[in-house]
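In what follows, a structure is listed as structure tokens, so that the remarks can point back to it.
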Ligand code: BGC
């Protein structure tokens with residue numbers, strides 16, 4: 001068996017059933033199911049398995065392997081940008097991979113995926129929208145639909161047609177490093193905003209083609225926001241990739257409804273998480289994938305596994321491959337050792353450990369999505385060179401920033417700041433730092449530091465522009481001269497440094513000593529102090545907030561810092577509400593469905609937010 005397989009492995013996918021000159025699957029006037037059936041009739045087992053393979057572009061040993069193994073999909077993992085990280089660099093890179101795939105025996109185009117989770121933030125110069133937690137605070141589905149549409153335009157402008165977004169996780173513990181990727185802990189809000197995102201992203205390329213523009217990927221199926229502290233199977237993390245306690249009622253009533261809505265909204269790919277239900281990794285659960293997702297919810301798209309997730313299933317790589325595919329994973333984000341994956345999967349089918357019907361089902365699901373994207377047809381990947389970071393998209397992002405600012409405290413109506421205010425002093429590490437205000441998943445996986453994003457506006461710059469005749473004094477560390485008169489208002493822009501995934505798991509999310517000192521110094525240099533929190537999650541501020549005159553949660557607003565000033569100066573009203581409860585102390589964690597672990601009230605309940 002081994003010898004036969006390795007011969008097949010060496011042969012790649014050069015041989016297979018003869019294909020006529022103009023095969024029906026290339027004819028866009030017949031139905032997609034006919035096209036898929038026709039294409040599949042020519043495909044060898046290895047070609048079908050090739051379609052099930054998703055690899056990180058930097059793991060591709062040779063470009064010609066795309067053709068040789070008829071690889072189904074490639075991705076840029078976070079930070080895996082082209083060397084020339086511009087629109088042109090992306091177009092060139094993606095095109096080179098897609099053209100190679102079109103040279104394969106059957107010419108099946110590959111799908112290229114990225115995480116454009118707050119806009120196409122991989123590319124400097126793109127519009128960076130507020131992270132999802134801010135959109136959850138806006139509660140505005142139409143706004144989310146427009147943002148997803150704008151993100152699709154910016155993706156298509158770089159040749160990318162697949163986005164690993166939106167996030168459907170519902171966080172129960174603010175110590176988790178992925179809270180900001182989520183809309184809310186409320187399934188009703190997640191269903192509503194998630195559906196709007198899917199519709200906006202997938203949109204349509206244009207009435208003439210009727211094809212999807214960018215494939216959405218609700219993730220992570222299922223329960224990834226409900227993992228328990230110190231249960232991670234990744235030894236560097238605490239919550240991320242951890243265990244979610246099994247409870248069939250909670251599965252059905254709490255976690256499942258948003259995915260039901262996602263399926264109804266036309267999602268064609270869904271990513272399974274790296275977490276476990278009890279002791280079972282989701283990617284290994286035939287019950288959750290085959291039964292619950294595909295049969296009970298009627299999901300007809302394809303299931304993609306998360307980064308290396310298949311190999312996190314206990315057992316040898318060969319055994320894990322069998323478990324995951326039989327559980328219903330259709331596309332495997334290997335993302336490294338693709339030759340081994342193809343070899344293992346082929347061998348498992350030949351030895352009868354994976355039924356061939358399962359491979360056919362997976363290939364059919366993937367190919368159907370590719371046809372719906374119009375990848376086989378001409379002129380669908382229109383690459384506009386004006387969409388990336390366009391004025392229109394930046395204005396939309398600025399509106400979203402304003403709509404996501406939650407006003408927690410406003411003693412004696414200090415906000416909005418009135419025209420007659422003479423002097424404002426501004427301090428804090430996040431006041432003039434676009435990297436910090438954009439958070440993780442911005443150019444790099446763990447984000448960036450400083451003002452490197454072309455076209456972006458820092459919060460300080462936004463305030464300067466909005467301040468009119470008011471004098472603005474800035475000192476990052478609040479070192480203002482004690483001999484000069486106090487300012488009327490001090491604004492401290494403080495909070496978290498960027499992080500992503502389990503790297504951001506934090507046993508005590510709170511303000512640093514350095515931030516607290518800046519606030520103290522600013523207080524003595526100003527009559528009143530307003531604290532703006534740049535943060536991916538609620539922070540423990542129970543004692544500190546008493547010393548502030550006003551507090552605003554800005555979340556991670558992204559490239560358009562001007563939106564913060566819009567609400568501070570009353571050009572727009574404060575309308576946002578907390579999309580999740582804000583705990584008073586750590587003993588309240590986890591907060592499951594609004595109930596704190598110690599039954600004491602949170603500092604602010606979900607949907608709290610002052611208006612003015
Ligand atoms: C994350 C996913 C992401 C994938 C691809 C993983 O580490 O868990 O959410 O889509 O990487 O970048």
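The values are calculated or read from the model by the stated rules, or taken from the named source; none is laboratory data. If you're wondering where the values come from, they're calculated on a predicted model, not measured in any experiment. FYI the Cβ positions are ideal-geometry reconstructions off the backbone, even for glycines, and counts take in every protein chain you see.
Computed values, structure above
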read-out	value
Residue match in the stretch 323-333 (condition: in a loop (DSSP other than H, G, I, E, B), surrounded by fewer than 24 Cβ atoms within 10 Å (Cβ to Cβ) and in contact with a strand residue (DSSP E or B) (Cβ under 7 Å, 6 or more places away or on another chain))	no
Odd one out for residue 115, checked against (1) more than 16 Å from the ligand (Cβ to nearest atom); (2) in contact with a strand residue (DSSP E or B) (Cβ under 9 Å, 6 or more places away or on another chain)	(1)
Residue ranges of strands (runs of 3 or more DSSP E) in the stretch 439-547 with at least 3 members more than 27 Å from the chain's Cα centre (by Cα) and surrounded by 18 or more Cβ atoms within 10 Å (Cβ to Cβ)	487-495, 526-534
Condition check for residue 85: away from the ligand (no atom under 16 Å from the Cβ), part of a loop (DSSP other than H, G, I, E, B) and more than 30 Å from residue 37 (Cβ to Cβ)	yes
Tally, over the stretch 294-311, of residues that are in contact with a strand residue (DSSP E or B) (Cβ under 6 Å, 6 or more places away or on another chain) and in a helix (DSSP H, G or I)	1
Single residue of the stretch 234-275 satisfying the filter (in contact with a strand residue (DSSP E or B) (Cβ under 7 Å, 6 or more places away or on another chain) and over 29 Å from residue 214 (Cα atoms)) that is farthest from the ligand (Cβ to nearest atom)	246
Where residue 607 falls short, out of the listed (1) closer than 17 Å to residue 182 by Cβ; (2) out of contact with any strand residue (DSSP E or B) (no Cβ under 7 Å at 6 or more places or on another chain); (3) crowded, with 19+ Cβ neighbours inside 10 Å	(3)
Cβ-Cβ under 8 Å pairs, at least 6 apart or on other chains, the stretch 103-120 side closer than 17 Å to residue 69 by Cβ, far side within 10 Å of the ligand (Cβ to nearest atom) and in a loop (DSSP other than H, G, I, E, B)	112/76
Flag for residue 94 being modelled with pLDDT of 95 or more, touching a strand residue (DSSP E or B) at 6+ places or on another chain (Cβ under 9 Å) and assigned to a helix (DSSP H, G or I)	yes
Filter result (touching a helix residue (DSSP H, G or I) at 6+ places or on another chain (Cβ under 7 Å) and crowded, with 22+ Cβ neighbours inside 10 Å) within the stretch 579-602	579
First in the stretch 300-321 and at positive phi, second anywhere and in a helix (DSSP H, G or I) and within 15 Å of the ligand (Cβ to nearest atom), Cβ under 7 Å, 6 or more apart	none
Residue in the stretch 66-73 that is in a helix (DSSP H, G or I), in contact with a strand residue (DSSP E or B) (Cβ under 9 Å, 6 or more places away or on another chain), more than 16 Å from the ligand (Cβ to nearest atom) and in contact (Cβ under 8 Å) with a residue 24 or more places away in the chain present	yes
Restricting the stretch 260-287 to residues that are assigned to a helix (DSSP H, G or I) and touching a helix residue (DSSP H, G or I) at 6+ places or on another chain (Cβ under 7 Å), the residue that is farthest from residue 113 (Cα to Cα)	286
